[in-house]
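See structure below.
The values are calculated or read from the model by the stated rules, or taken from the named source; none is laboratory data. Just so it is clear, the model here is predicted, and its values are computed rather than measured. Cβ: placed from backbone, ideal geometry, glycine included. Neighbour counts: every protein chain shown.
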Amino acid sequence: MNHATPHVGAPAGTFTQLLSSTRRGARLARLLAVTELRSRGASQDLTERAELVVAELAANAVLHGR
């Protein structure tokens, strides 16, 4: 069986940053995510939603992480 492989576009850019596991690190994660999305031309709606998700994940990491 020959199946066509879907064409994958250019790989999405990545952004990584090591942050401290503190409230300041969580705040910085949120700010960096918003800045990165805006610089890539993401919509305002997407940026706001991502900001909420990153804020929640970073706060949970600080609270429950080691």
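For (1) of a type in the set (A, V, I, L, M, F, W, C); (2) at pLDDT 90 or above; (3) in a helix (DSSP H, G or I), each residue gets a yes or a no:
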{"residue": "T5", "(1), (2), (3)": "no, no, no"}
{"residue": "T16", "(1), (2), (3)": "no, no, no"}
{"residue": "L19", "(1), (2), (3)": "yes, no, no"}
{"residue": "R30", "(1), (2), (3)": "no, yes, yes"}
{"residue": "L37", "(1), (2), (3)": "yes, yes, yes"}
{"residue": "A50", "(1), (2), (3)": "yes, yes, yes"}
{"residue": "A55", "(1), (2), (3)": "yes, yes, yes"}
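Looking at A26, is it small (G, A, S), in a helix (DSSP H, G or I) and touching a residue at least 40 places away in the same chain (Cβ under 8 Å)? The answer is no for A26.
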